[in-house]
Amino acid sequence: MASSVCDSCKRRKVKCDLSDPCSNCRISQLHCQYTAVPSKRGRKRRPPRNQDRDTQIEPAGLGDIGISQREAPRTPSVRELQLPSFPRTLRVIPEPPFTVPVSFSSEPEGVFSNLVADVAAIAPNDEIAAIVHRCLDLFVQYLFPTCPIIHESTFRSLAALYFTRGHSTPGSSVSLQPPELTETIHKKEFALITGLCAAVASVMPEFLMPHQHLLTQSFLNASRIMLRMYCDYDLEYPDSSSLLIRLWHSAALQNSTGKAGAAWHALGEATLLAQKLRLYEESSLSRFSPIESQTLRATFWQLFAADKSAAAFEDRPIVLHPLLFYGDLTLQDIGNQNIPLLDVRQDHCQFGFEDRLLAGFRLKCRVWSLGGDLIQQIKLYSRQKTDGLDAKVELARLTETYLRFTGLIDDLPQWLQSFEADPNASETDTFAYQRSSFWVQRSNILTSYHCLELLVLQRCIKYGTLEDMGLSSQLLSVSTRKLEIVRDFVRELHMAPFVCLKVQGEASVERIRHIGSAVLEITETVDDNNVKERANVLFKKLLDFLARLNSKASDELASSQPHPAIR
């Protein structure tokens, strides 16, 4: 007979008869084992003041936790992965403006239970299952158009699996039993669904998701802590969830705090994992299931566009560049075994809704890819001229890329040009739903395009290639051209419903901020009163949008860095 309770009974906090196997495990058909080292009874000794800081780390911001590690059990196999015997609960001190204290356990079931309790405290009139499904609804309507990277039915199954066990009541988690979270796959799924909820909540306006700021904190902390429990394994054996979780952590951090450091770190991990998986090669996707393959394909192009954006804004060195790949960039935009990502049983999926969204997504990726290439070619051409090399070939290549870029929006699909009702359909909720999704996509594509137009012009000025590109180098002409681009940009802001800008998060704010800084420069450098007056009018409109968007990084305007994870 064993001298301490078995692992399963200890985890479930039930009495164990100490037999092998114990009666509880026999009834529940669980694998009974005695590996946990019993902790000593009585008051725990306080560690000395000069104890090594590695064993006691103070919380330092959103998602950081302090832990004191105890004795660890034997090293199990991957399928039997268990946690060391940590203290049951940890106190996380959130940064302002988060005001609700959050407690998280170091054990998977504790993370789940604490998340349910925290959500119940934040939204006492709602069940957590309803909130999670609401996040999925909002993702499909507002985020899927620019990031079609989930299989809806799979995520709805995960939401049902982890958040509808038992019969919970609003504001209570008593009967909502923790799911089985001992296997790595379970931890992955939990981190995935909570990561999505954090990303969605971080960009939603209050009228679509009440308490969205506090919910972002709770879901993000739960997802990040769960990821840490299997992080080493995840880095060794990545899959689509590895990329999606980090992408959503990056977005939630950027949107909820306005700080780019941690957000870039999470996004950088996702980018490096895409390199590790060799997603740039079409043949690499053949070993995955059709759903996994399609998710990885879309996620790679999303990360590829984000990387191009970072290079265009000169935020950080490019990572997903063909010259850095071990093979050629052969990944296609569309795979051979495409299956619907959205739930085709839903009314809003009528009239080729998903196919249209995917076509728009591919156009968005082309805008960032071609715009990023153009900016890099301007820099390369300037270097060749400076070094006295024959740059005729590079100039011809640069001119061709420029002409292709300027013609990109000529390919804007018809359903993104006009939002009149389909003649074959009446004005219904389905049309209104689809129209909001198309507005998100249109505003994302065109504001990105106009922002890149301005970036290209600024790089031509910086590297002295205006006349080589057939543009005037006169200050007044350049300023007038800038204002034309800004006017088109502002027109797109006014045309789109405001919520369609809001749900694009800090990426949308950074585009507005960059355009605004260019307008402000015009007001300070140009003497012509007519140009100054036009610039002042446009600048006031941009400031109005920035104020309404309520950016978390607005108070760090001078030092903020764009974050294009979900542009």
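Readers should treat all values here as calculations from the given coordinates under stated rules, not as data from a laboratory. Given the structure is predicted, the values throughout are model-derived calculations rather than measurements. Backbone-built Cβ (ideal geometry, glycine too); neighbour counts: all protein chains shown.
Worth pointing out:
- Listing 409, 185, 445 from fewest to most neighbouring C-beta atoms within 10 Å gives 185, 409, 445.
- Rounded to whole numbers, the Karplus 3J(HN,Hα) couplings from phi for region 224-233 are 5, 5, 5, 4, 5, 6, 9, 4, 4, 4 Hz, using 6.51 cos²θ - 1.76 cosθ + 1.60 with θ = phi - 60°, and x at Gly and Pro.
- Whole-Hz Karplus values for region 490-495 come out as 5, 4, 5, 4, 6, 6 Hz, taken residue by residue from phi with 6.51 cos²θ - 1.76 cosθ + 1.60 and θ = phi - 60°; glycine and proline positions read x.
- Sorting 158, 285, 196 by the number of Cβ atoms found within 10 Å of their own Cβ, with the fewest placed first, yields 158, 285, 196.
- Cα pair distances in region 91-324, grouped into 10 Å bins until the bin that holds the longest one, percent each: 8, 33, 37, 18, 4, 0
- The dipole here belongs to region 351-556: it is taken about the Cα centre, uses +1 on the Cβ of Lys and Arg and -1 on the Cβ of Asp and Glu, and is about 260 debye.
- Residue by residue, region 445-455 carries 3J(HN,Hα) couplings of 5, 6, 5, 5, 4, 5, 5, 5, 3, 5, 4 Hz when phi is fed to the Karplus relation 6.51 cos²θ - 1.76 cosθ + 1.60 (θ = phi - 60°); x denotes Gly or Pro.
- Exceeding the 21 Å Cα-Cα cut-off - candidates 385/482; 10/188; 385/462; 308/392: 385/482; 10/188; 308/392
- Cβ-Cβ FRET estimate between residue 408 and residue 318, R0 fixed at 22 Å, reported to 0.05: 0.60
- Note on 385, 187: ascending count of other Cβ atoms within 10 Å places them as 385, 187, the fewest first.
- Simple Cβ-charge dipole of region 91-324, Lys/Arg +1 and Asp/Glu -1, about Cα centre, in debye nearest 20: 200
- Once you reduce region 511-554 and region 331-395 to the center of their Cα atoms, the two points are 29 Å from each other.
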